[in-house]
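First up is the structure itself, then whatever we jot down about it.
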Amino acid sequence: MSRRARLMIAAALLLAAGAAFAQEAEPQRDLVTLYSHPTERYHVFIPPGWRDDSTPQFAQIERGTTQIVARSFPAGDVEAALAQTLTEFLPNLADLTPTLLDPVTLNNGTWQIALYPPEEAGTLTGFVQRFEDVTYVLLMFSGADSRPIFLPIPADGSLSAAVEAAAGLAGFTDAAVINEGAEPVEVAGQAYTPFTLTQGALEINAFARTVGGSAFVLVHGLPDDAAIFSIVLDFFITPETTDYLYLGVAATAIVLGLLVFSMFLRARALRADLRTLQQLKADAA
Amino acid sequence: MEAARGAHPLSAEMPASQARTGTIALTVLTILTIFGVIFGLYMGLVRAGTDIDQGSVQRIFYIHMPSFFGAMLAFGAAVVGGIMYLRTRQHKWDTLSLAGVEIGIALALVNLVTGAIWARPIWNTWWNWDPRLTADAIMVLTYAAYLMLRSGIDNPDTRRRFAAVYGIIAFTSVLMVLIIPRIIPTTIHPVVIGPVFTSSELAQGGFELQATAGVGAALGINFIVWMFLIPITLLWHRIRLQNLADRVEAMKTEALSS
Amino acid sequence: MTAAFLRAMIAVARKDFRAEARSRELLSLMGLFSLLSILIFSFALELNRTARLEVVGGVLWVTILFASILGLNRGMALEREGGGMDALLIAPIPRGAIFAGKLIGNFAFAFTVGVLLTPIMSALYTVPALQPSVIGALALGTLGIATVGTVLAALIGATRARDSLLPILMLPVALPVLIAASRASGGLLTGAANADAGAWLLGLALMDAIYLLVCGALFGFVVEEG
């Protein structure tokens, strides 16, 4: 082989090695605090500025007069799970019963919102999702009377129509948008458009943003409470995929086992041949 | 290539002591490999943390990715064998090529099958026509064609020469697997070396290291096992098998001619 | 590359061209096959306009690849019958020149078929196929196919299965070229993703370069006596 040919092949091999190690650098992302339940496979991102009071049994975070708690219940229906969360979390409000709104499908599953009647101390809102026979509950208590609601954007596609609909669900049935703020407000790294609504003499503020085909609207209360939307949207559950892992290991064992077995069979046949040939040779001699 | 040099000696003409040393070394290596596999599985399946995006199935990466590089090593051995055979015309290099292709196919199959099984829960399909996946399948088919070419040529010298040529050309298919995801932006195949296992569409937050403790160690061990121990041990065994086959063939010819 | 090398290369290529000019066997075989293949595809796929635009690149390249394999097989058979290869090997010319000459011939035939096919595809599938960039993709793609084909066609001469083995050896090795070429020309035809088509063309050129280097280095070992 000529020297040029050797060089060419060497160049091709070098190219291969270079390609193997030329990895795109993964962009460094901000570190977000994450609560992971040790056994129930759910995870809650804790937005910056919130105090983490979580225990191994459940996630609990706080900011000002607002508290959010995350729990999971094996099986059980939605109402029972909500009631039990409330009993453990705020026993003095345990006899409240919520109205469940229509489910809304987000990236991380289908959620139902539970709206509790307003109390003197504040308002309660629950978010519930069922996944693989487990019910996951996120319950929010807002001392500032914030009402987080997400709903599909109405057919005409305007955010203010969605805000009015959300205000209606939160109890302000005749509220109308009188002002849509130009400058978005940032909460937990997301931009929310501020709105002002009026119902009679009452003036109500709201913060809204769209996610896919849904509108996230915080009716009344503090803009900081809009962090609940990030928490709901980032809430995720590790899927149960152990069966596939076993399948993969078994498949690996089968492929390599077949190779080794075929090598063993071939070696055995060859040794038998060798013995026969040696026998023949000995006989001939 | 150490394996080839150690094992090559056509055992028939080799001093008995040397043959015994080789056998002992191979036995030690085999035992080491078996323990390596068990230890690697323990590190990957038990010690390393569970990936919170994908669940347990992510652990298949400890086999999936290193096995591809193991296949690459074996196919690389086939290329070296091919080049050296064309230069020196010594049979041992052709034996190395053949062994490299066979072992490489097995490891590439492991890579393909584990990839498909991983993709079922994560991409929601056993198979998609992702460019890297397609290139990987083409690679296996290319080397299957190599074996067909070998079996199709009667003259042993021509067979060795042509197999060497095709074995070298076939390595372009390995290069394609490495290059394609880098030049084609549409691939959804995660480009992973290192302890980052979020698939691109799930990527959110920099929590991987915290949530998946022990990943680096598990990956390192499994790389050593699947990229070096397993291919080299299997290559060595396969080379010995081929030497035995050649010896039997030679004795048959001798017996027939006498 | 010396003048002698170039002369020898041109002589080898000219021999193929002259034989072809006399018999017109290869081009008519490949051309007829390609026409039939395109008709069969359009019947079998019963395509509407959007689907047509999406698959037209694939149809074009599968047809060209199979036509090339057919042509390479027949070309090799003609060489064997006429003893052309033996004569070439006895002649005092470098192996590289034989490779380059054969490559020029094979490339020219495949490229001609592709270029003839494009206006026909353009009419049958109502796509604007006659564009300089599509011709560029054709040139790069057929060059890749011809490069691999030249070595592999020489390789199968010694095998028992001969003609039936060439597709098996060649399809997997040519598949990267096929994929890149069909993506490149498909993108160019639909005009949808021009940036993408550019990347595929670049990939195609890279593959051609690799194949030319590797196959050029290996051809000499295939045709040596022994």
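Here are some notes:
- Exactly one residue out of C:27, C:32, C:53 is in contact with a Leu (Cβ under 7 Å, 6 or more places away or on another chain) and in a helix (DSSP H, G or I), and it is C:53.
- Only one entry of C:101, C:141 meets the criterion of being in a helix (DSSP H, G or I), under 18 Å from the mean Cα position of the chain (by Cα), more than 30 Å from residue C:54 (Cα to Cα) and not β-branched (Val, Ile, Thr), and that entry is C:101.
- Residues that are facing another protein chain (nearest Cβ under 7 Å) and surrounded by fewer than 17 Cβ atoms within 10 Å (Cβ to Cβ), drawn from region B:142-154: B:148, B:154
- Unique residue being closer than 29 Å to residue A:40 by Cα and surrounded by fewer than 22 Cβ atoms within 10 Å (Cβ to Cβ) when the list is A:124, A:139, A:115: A:115
- Residue within region B:43-58 that is among the basic types (Lys, Arg), buried (at least 24 other Cβ atoms within 10 Å of the Cβ) and touching a Gly at 6+ places or on another chain (Cβ under 8 Å) present: no
- Restricting attention to region A:53-89, the residues that are within 16 Å of residue A:141 (Cα to Cα), surrounded by fewer than 19 Cβ atoms within 10 Å (Cβ to Cβ) and within 19 Å of the chain's Cα centre (by Cα) total 1.
- Hits in region B:37-70 - residues which are at the interface with chain A (Cβ under 10 Å from one of its Cβ atoms), without any contact (Cβ under 8 Å) to a residue 24 or more places away in the chain and of a type in the set (A, V, I, L, M, F, W, C): B:41, B:45
- Output for region A:240-285, where each listed residue is surrounded by 12 or more Cβ atoms within 10 Å (Cβ to Cβ), among the acidic types (Asp, Glu) and either more than 9 Å from chain B (Cβ to nearest Cβ) or within 30 Å of residue B:115 (Cα to Cα) (or both): A:240, A:243
- Whether a residue is at pLDDT 90 or above and surrounded by 19 or more Cβ atoms within 10 Å (Cβ to Cβ) was assessed, and residue C:28 does not pass this test.
- Reported count of residues in region A:41-58, each being under 24 Å from residue A:239 (Cβ atoms) and away from chain B (no Cβ under 14 Å), is 4.
- Residue check for residue C:36: modelled with pLDDT under 90 and surrounded by 11 or more Cβ atoms within 10 Å (Cβ to Cβ): no
- Among the residues of region A:80-137, those that are closer than 20 Å to residue A:37 by Cβ, among the small types (Gly, Ala, Ser) and in contact (Cβ under 8 Å) with a residue 40 or more places away in the chain comprise A:81, A:109, A:126.
- Filtering A:207, A:236 for residues that are in contact with a Pro (Cβ under 7 Å, 6 or more places away or on another chain) and of a type in the set (Phe, Trp, Tyr) leaves a single hit, A:207.
- Test: residue C:122 is closer than 23 Å to residue C:204 by Cα and in a helix (DSSP H, G or I): yes
The values are calculated or read from the model by the stated rules, or taken from the named source; none is laboratory data. In this text, all values refer to a predicted model and were calculated from it rather than measured experimentally. As a convention, Cβ positions derive from the backbone with ideal geometry for all residues, glycine included, and neighbour counts pool all protein chains shown.
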